[in-house]
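*Asks:* One structure, pasted below without further comment.
Read-outs: derived from the displayed coordinates by stated rules, not from any lab. Computed from a predicted structure; not experimentally measured. Cβ placement follows ideal geometry from the backbone for every residue including glycine, while neighbour counts extend to all protein chains displayed.
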Amino acid sequence: MSAVLRPVPQIAPMTERDLDAVLALEKKIYPYPWTAGNFRDSLRAGYHCRVVFDAEELIGYAVLMLGASEAHLLNLSVAGHAQGRGHGRALLSHLIGVARERGAHVFFLEVRPSNEAGRRLYAGYGFSQMGVRRGYYPADGKREDALVFALDL
Ligand SMILES: CC(C)(COP(=O)(O)OP(=O)(O)OC[C@H]1O[C@@H](n2cnc3c(N)ncnc32)[C@H](O)[C@@H]1OP(=O)(O)O)[C@@H](O)C(=O)NCCC(=O)NCCS
């Protein structure tokens, strides 16, 4: 019997070279995607920007802002065809580990009320809802609230 060995997906620092692939995914995933400028600014600001590669293919990415004692998740995304295979959880777990190492005491993020997968991912990790930002997200000519989730580290 023979087995085909696939490399384990790798989490790596995002660089400017990744931006075309990141932007292509971002546009597929979100109706109101981040711009190239948003990602460039995040890289230049020194935010913790990571990508996930499965072999040669970029299948996910995340952006985490780290302050003195707080971490704030700004973006967490997995390509549609790669969702539901543990990559989102692995990325979130990585980011929480980084936040702890850097001495953050609390990890914040926003999620749309309509985002069932995101809400379940965060709730399953122990995040709890601590507030609502009214009209935070664009949505079909209107605005959608954001649920603010937090995890004590
Ligand atoms: C949310 C997202 C990052 C999750 O990543 P993923 O790789 O698909 O998720 P995982 O396979 O790691 O699953 C982790 C948990 O998320 C939840 N989840 C994932 N997909 C789900 C779905 N389709 N429906 C409901 N819950 C889901 C489950 O709780 C799951 O845990 P379980 O497998 O024990 O049930 C991904 O779906 C995504 O990129 N969505 C579009 C962008 C987005 O919404 N980003 C978050 C913005 S706040």
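*Asks:* Taking all pairs of different Cα atoms in region 73-153, averaging 1/r and flipping that mean, what Kirkwood radius in angstroms comes out?
*Replies:* In region 73-153 this quantity evaluates to 13.5 Å.
*Asks:* Where in region 1-86 are there GluC sites (Glu not before Pro) that are in a DSSP coil and have at most 10 other Cβ atoms within 10 angstrom of their Cβ?
*Replies:* 56
*Asks:* Moving on. For the chain, take every pair of Cα atoms, bin their distances at 10 Å starting from 0, and report each bin as a whole percent.
*Replies:* Reading the bins upward from 0: 10, 39, 39, 10, 2, 0.
*Asks:* For the chain, what's the relative contact order in percent, using C-alpha pairs closer than 8 Å and at least 6 residues apart?
*Replies:* Rounded, it is 17 percent for the chain.
*Asks:* On to the next question. Suppose we take every Cα in region 29-106 and form the convex hull; what volume per residue is that in Å³?
*Replies:* 106
*Asks:* Let me ask another. Would you calculate, for the chain, the mean residue ellipticity at 222 nm contributed by helices, counting each DSSP H stretch of 4 or more residues as -39,500 (n - 2.57) and dividing by all residues, to the nearest 500?
*Replies:* After summing the helix terms and dividing by residue count, I get -8500 deg cm²/dmol.
*Asks:* Mind checking the full-extension length gain between residue 144 and residue 35? Use 0.36 nm per residue of separation minus the Cα-Cα distance, one decimal, nm.
*Replies:* 37.3 nm
*Asks:* Spelling out what I want: for every residue of region 11-25, take phi, set θ = phi - 60°, compute 6.51 cos²θ - 1.76 cosθ + 1.60 (Karplus), and round to whole Hz; glycine and proline get x.
*Replies:* 9, 9, x, 6, 10, 4, 5, 7, 5, 4, 5, 4, 5, 4, 5
*Asks:* If the chain between residue 101 and residue 123 were fully stretched, how many nm would it gain, using 0.36 nm times the residue separation less the Cα-Cα distance?
*Replies:* 5.7 nm
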